[in-house]
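Written below as structure tokens is the structure these notes are about.
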Amino acid sequence: MSRLFRAVIMGPPGSGKGTISERIARGFGLQHLSSGDFLRENIASNTEAGVLAKTYIEKGLLVPDHVMTRLLLPRLEEMTCHSWLLDGFPRTLAQAEALNSSCELDLVISLNIPLETLKERLSHRWIHQASGRVYNMCFNPPRVQGVDDITGEPLIQQDDDKPEALVARLRHYKDVAKPVIDVYKAKGILHTFSDTDTDRIWPYISSLLSAKIPTDIADAQRASTH
Ligand SMILES: Nc1nc2c(ncn2[C@@H]2O[C@H](COP(=O)(O)OP(=O)(O)OP(=O)(O)O)[C@@H](O)[C@H]2O)c(=O)[nH]1
Ligand SMILES: Nc1ccn([C@H]2C[C@H](O)[C@@H](COP(=O)(O)OP(=O)(O)O)O2)c(=O)n1
């Protein structure tokens with residue numbers, strides 16, 4: 001079995017983690033685990049962790065570290081046969097320490113996007129809640145306004161995407177993300193990308209992954225996901 005590849009993508013709300021993760025999954029065959037989507041699945045399924053997480057998310061708060069690690073680490077255990085890309089976790093130092101004690105990461109991508117760009121993007125973000133598919137009226141609009149391309153079901157805008165909610169979320173993100181960024185910088189596996197346009201960042205991320213992911217792993221993963 002080829003050695004597997006373990007990566008994390010981090011960035012503030014609206015920075016493009018989901019957009020870039022989808023391109024990485026498609027182009028390099030890594031299995032994408034979005035912590036936000038996984039939480040929403042648990043909330044929709046009324047699991048014990050989902051019910052608890054909902055009480056925090058509804059107040060625009062981060063879910064407590066022990067809840068996140070108890071939810072994510074067993075899910076990663078189920079993915080030990082895949083190379084994966086983790087999105088939105090770890091978000092705090094405690095989460096990073098829990099993850100680092102259970103696996104060795106190969107690469108951490110950090111997106112550093114200006115506040116005004118985040119506000120602009122999130123004000124135009126529409127989501128198909130059931131699938132997590134993400135649209136943007138300026139960047140990747142749905143074929144028919146307001147409905148999901150695949151199911152035709154209505155799209156929604158998330159309350160915490162509104163500008164007044166975003167500033168608080170962004171301030172909190174910066175406070176908790178800095179120690180995590182410092183840990184991975186010290187490990188020499190952090191790569192930071194700054195721009196206002198995902199399409200300009202993408203070629204650099206793609207080149208980095210092409211250099212870092214051994215060809216046999218990428219070929220094997222693409223074969224297993226097709
Ligand atoms: N205009 C524009 N919109 C973009 C760009 N990249 C992503 N978007 C859109 O901006 C919004 C945020 O992108 P996401 O990929 O959802 O960002 P995220 O970091 O996963 O966001 P969270 O899930 O809130 O953490 C979505 O509506 C994207 O379609 C870009 O380069 N330009
Ligand atoms: N590690 C994490 C990941 C997500 N959450 C919570 C808080 C987030 O606003 C929601 C949704 O996560 P998602 O990544 O989709 O949203 P943002 O990145 O915060 O815009 O879940 C958390 O508390 N801890």
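The values are calculated or read from the model by the stated rules, or taken from the named source; none is laboratory data. Keep in mind the model is a prediction, meaning the values are calculated, not measured. All Cβ positions, even for glycine, are placed from backbone atoms using ideal geometry, and neighbour counts span all protein chains on display. We work out accessible area using only protein heavy atoms, side chains counted, and drop any ligands, DNA or RNA first. Shrake-Rupley method; radii C 1.70, N 1.55, O 1.52, S 1.80 Å.
In the stretch 5-20, the residues that are closer than 20 Å to residue 95 by Cα reach residues that are β-branched (Val, Ile, Thr) and within 11 Å of ligand 2 (Cβ to nearest atom) with C-beta atoms within less than 8 angstrom, at least six apart or across chains, in these pairs: 10/180; 17/9; 18/134.
In summary, helices (runs of 4 or more DSSP H) completely within the stretch 1-88 and bearing 3 or more residues that are farther than 21 Å from residue 140 by Cα and open to solvent by 10 Å² or more (accessible area, probe 1.4 Å) occur at 35-44, 48-57, 65-77. Determine, yes or no, whether residue 107 is under 30 Å from residue 210 (Cβ atoms) and not acidic (Asp, Glu). It is true that residue 107 is under 30 Å from residue 210 (Cβ atoms) and not acidic (Asp, Glu). Comparison of 133, 143 shows that the only residue that is at negative phi, at pLDDT 95 or above and open to solvent by 40 Å² or more (accessible area, probe 1.4 Å) is 143.
Of the helices (runs of 4 or more DSSP H) lying entirely inside the stretch 90-186, those carrying at least 3 residues that are within 14 Å of ligand 1 (Cβ to nearest atom) and out of contact with any helix residue (DSSP H, G or I) (no Cβ under 6 Å at 6 or more places or on another chain) are 115-123, 163-186.
Across the stretch 91-119, the qualifying residues are those that are touching a residue at least 60 places away in the same chain (Cβ under 8 Å) and touching an Asp or Glu at 6+ places or on another chain (Cβ under 8 Å), and the one among them that is surrounded by the fewest Cβ atoms within 10 Å (Cβ to Cβ) is 92.
The single condition from (1) under 17 Å from residue 170 (Cα atoms); (2) near ligand 2 (Cβ under 9 Å from one of its atoms); (3) at pLDDT below 95 that residue 17 fails is (3).
Residues in the stretch 183-207 that are of a type outside the set (Gly, Ala, Ser), under 17 Å from residue 24 (Cα atoms) and away from ligand 2 (no atom under 16 Å from the Cβ): 190, 191, 192, 193, 197, 199, 200, 201, 202, 203, 204, 205.
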